[in-house]
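Reading through the structure tokens given below for one structure.
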Amino acid sequence: MSSEYKDILKKYWGYDDFRGIQREIIESIGSGHDTLGLMPTGGGKSITFQVPALAKKGTCIVITPLIALMKDQVQHLRQRGIKAAAIYTGLSHAQIIQTLENAIFGGIKLLYISPERLASELFQKKLIHMKISFICVDEAHCISQWGYDFRPSYLSICDIRKLKPNAPVLALTATATPETIDDIQKQLGFNEKRVFRMSFERKNLVYVVRKTEDKEGELIHILQSVKGSAIVYTRNRQRTKETAETLSRHGLSATFFHAGLDHVEKDIRQQAWQAGKTRIIVATNAFGMGIDKPDVRLVIHIDCPDSIEAYFQEAGRAGRDGQKAYAVLLYNPNDRTKLEQRIPTQFPNKEYIRQVYDQMAYFYEIAVGSGYNCTFEFPIEKFCRTYRHFPLPVESSLKILHRAGYIEYREEEDTQARVMFILERDELYRLKKNSPQEDAIIVALLRNYTGLFNGFQYIDEAILAQQTDMERPQVYMTLRELAQKRILQFIPQKKTPYVRYIQRREDSEDLMIPAAAYENLKEKFARRIQKMVEYTTENHECRSRVLLRYFGETDAKDCGQCDVCLDRRSMPTNDAKTAILRLLSDGKEHSITELRTISDDSEMIEEALRQLLREEHVINDEGMLSLND
């Protein structure tokens, strides 16, 4: 079978052989074993499920939360002559049924689907009739409640496994601590533990923590000093715009990106950056996952992420081409306070959560004992204005209520674009002053959709673009122009949160919020915050070693190029003596070999140690060092 995998790799991708642990993962899932693969960003995860999917009979279900990644991979697979399709919010009901029927009849080898879709009755009914080769779970850390990016929709994967008990699972992730690794396998119902781990070490990536009181000035200095494509990460949407404008004023090519932008505007900005027309993109963490741009030379954080996992994943988007790149975190003492303030924001007190639960019922006029299975759009800004809340603690409260089993909260789900003609059909034919693009769109709408004169109908801008030979942004702008002319009404695609009551409304005093949904997770979150603070404030150990140890790699060596390693190289003997004394200040014995963590300059460390021994500040007891009290 191994030779068949290599033949597939050569035929469709042009590579002669696999790299890293790709072969081991492929052979494991190909043999029917539940498998967990840990690979760094840029490690070639997609090959590990695409190759065995082509080798095995049936359809491979690929579960991923990244719609941009779905579309990108499906497009590339089809260009290689591979039968692939994706189901995501924005497709019409007819398109979804057609795709599922194609899978049932063997017309699709790889079917990409978002985790939110797994729970739908339609999908589960169709799935029963499909021949499934295996199930691939991308971003598998999202299924762990102990992980930094838990997504409740991933728990539906367990239901899919019950429908297809003979289909093995391949779970893939680039960020998982040892605890999360165990939890992933437990949550996915692995028949036996089976983990393939590739080192997360990125030898071409230089980690730097730059302490500064003037983050804006330091950001500009770094971007002017290091050439090449760059991502700048901020914590909130407003700051993306402000930062991009500041960079532009200093002659740097920059734009901004966040989840609140119109989808067409996001496409335009992302494509300009990917094509190199815009050098710098300032973004929230909504940007970057699944983006295929290997030549990013700089990733700069001007705000601290709230976990090592988030930082590591975002920093890892630099240098995926293997060439030298930099991950820079700008830090000042205020960042620690801001990080610690996120704990009560992410975990408001229980009285506040009960208050939000009550006010949500008033908002929708849901009486105690009613509301079961009712679904509502949740306009969070309007809710916050009405009851004088800030959005973040409200959103956190809804997530806690979700985990406690009272509601289902779906964050910013895509709502498909809708169109309705205002003019009657006969009036359309008498229009004289439309542009050729406007006429083409009108014709395409009439050919593809019925009922446009009776009410709003969902449309797919991609189909209109294909049939009119336009780009999607041009279709969007043309629909806007037709709406301005009062020819039709156009509701663009937007992202809207949804709330569904999965229990009848309780009296808030009776709400039971278990430790697993609150206290335990709060403790984990606080611990992740503390680890992030330690990473930014301590400067006695190689940055790469600290990061790799967090993910369970205890035998990593100094990178020799981060800010800590470079400082050590230039460390005078007196500084080395101070560092040794600091290491021994915990009152424990330390081996001489541990001194290597202080500096790569072994001669300097040995000289410093000799001086401390002569001065009788340190005792050497058969290679074990301690302070001489």
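The values are calculated or read from the model by the stated rules, or taken from the named source; none is laboratory data. Note that the structure is a prediction, hence the values are computed from the model and not measured. Ideal geometry is used to build each Cβ from the backbone, glycine not excepted, and the neighbour counts take in all protein chains shown. Areas reflect the complete protein model, heavy atoms only, side chains present, ligands, DNA and RNA absent. Shrake-Rupley method; radii C 1.70, N 1.55, O 1.52, S 1.80 Å.
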Going through region 206-243 in order, the residues found to be hydroxyl-bearing (Ser, Thr, Tyr) and in a helix (DSSP H, G or I) are Ser225, Thr240, Thr243
Gly251: passes all of (1) open to solvent by 40 Å² or more (accessible area, probe 1.4 Å); (2) in contact (Cβ under 8 Å) with a residue 24 or more places away in the chain; (3) assigned to a loop (DSSP other than H, G, I, E, B) but (2)
Of the residues in region 87-124, those that are within 17 Å of Tyr154 (Cα to Cα) and of a type in the set (A, V, I, L, M, F, W, C) come to Ile87, Leu111, Ile113, Leu118, Ala119, Phe123
Flagged in region 229-240 as within 25 Å of Leu547 (Cα to Cα) and either in contact with a strand residue (DSSP E or B) (Cβ under 6 Å, 6 or more places away or on another chain) or among the aromatic types (Phe, Trp, Tyr) (or both), in numbering order, are Ser229, Ala230, Ile231, Val232, Tyr233
The correct count of residues that are within 20 Å of Phe196 (Cα to Cα), touching a residue at least 60 places away in the same chain (Cβ under 8 Å), out of contact with any Asp or Glu (no Cβ under 9 Å at 6 or more places or on another chain) and not in a helix (DSSP H, G or I) in region 42-59 is 1
Condition set free of Cβ contacts under 8 Å to residues at least 60 places away in the same chain and more than 13 Å from Leu111 (Cα to Cα), scope region 60-90, selection least open to solvent (accessible area, probe 1.4 Å): answer is His76
Looking across region 377-405 at residues that are over 26 Å from the mean Cα position of the chain (by Cα) and touching a residue at least 12 places away in the same chain (Cβ under 8 Å), the single one that is most open to solvent (accessible area, probe 1.4 Å) is Thr386
Checked pairs for region 478-489, first within 10 Å of Asn434 (Cα to Cα), second open to solvent by less than 30 Å² (accessible area, probe 1.4 Å) and in a helix (DSSP H, G or I), C-beta under 6 Å and 6 or more apart or across chains, list as Leu482/Glu438
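Residues checked against (1) among the β-branched types (Val, Ile, Thr); (2) under 25 Å from Ile87 (Cα atoms); (3) touching a Gly at 6+ places or on another chain (Cβ under 6 Å):
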site	(1), (2), (3)
Phe378	no, yes, no
Phe383	no, no, no
Phe390	no, no, no
Pro393	no, no, no
Tyr406	no, no, no
Phe421	no, no, no
Lys433	no, no, no
Glu438	no, no, no
Ile442	yes, no, no
Checked pairs for region 160-179, first at pLDDT 95 or above, second open to solvent by 30 Å² or more (accessible area, probe 1.4 Å) and of a type in the set (Gly, Ala, Ser), C-beta under 7 Å and 6 or more apart or across chains, list as Pro168/Gly32
In region 27-41, anything in a loop (DSSP other than H, G, I, E, B) and surrounded by fewer than 19 Cβ atoms within 10 Å (Cβ to Cβ) is listed as Ser31, Gly32, His33
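Here are Val208, Val264: which of them is at pLDDT 95 or above and of a type in the set (Val, Ile, Thr)?
Just one listed residue meets the conditions, Val208.
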Subset of region 7-26, residues under 28 Å from Lys203 (Cβ atoms), free of Cβ contacts under 8 Å to residues at least 60 places away in the same chain and open to solvent by less than 70 Å² (accessible area, probe 1.4 Å), comes to Leu9, Gly14, Phe18, Gln22, Arg23, Ile26
Of the conditions (1) of a type in the set (Asp, Glu); (2) in a helix (DSSP H, G or I); (3) surrounded by 14 or more Cβ atoms within 10 Å (Cβ to Cβ), the single one that Glu523 does not satisfy is (3)
In region 43-80, residues that are under 21 Å from Lys131 (Cα atoms) and more than 26 Å from the chain's Cα centre (by Cα) total 5
Going through region 487-499 in order, the residues found to be under 27 Å from the mean Cα position of the chain (by Cα) and at pLDDT 90 or above are Val499
Any residue that is touching a residue at least 12 places away in the same chain (Cβ under 8 Å) and part of a loop (DSSP other than H, G, I, E, B) - is there at least one of those in region 406-413? yes
If we ask which residues in region 547-576 are in contact with a helix residue (DSSP H, G or I) (Cβ under 6 Å, 6 or more places away or on another chain), within 29 Å of Asp621 (Cα to Cα) and at pLDDT 85 or above, their number turns out to be 2
Taking region 110-130 and keeping only residues that are closer than 14 Å to Ile63 by Cα and basic (Lys, Arg), one is left with Arg117
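Out of all the residues in region 491-517, which are among the aliphatic types (A, V, I, L, M), assigned to a strand (DSSP E or B) and open to solvent by 30 Å² or more (accessible area, probe 1.4 Å)?
Ile491
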Scanning region 447-466 for residues that are assigned to a loop (DSSP other than H, G, I, E, B) and either surrounded by 14 or more Cβ atoms within 10 Å (Cβ to Cβ) or of a type in the set (Phe, Trp, Tyr) (or both) gives Tyr449, Leu452, Phe453, Phe456, Ile459, Asp460
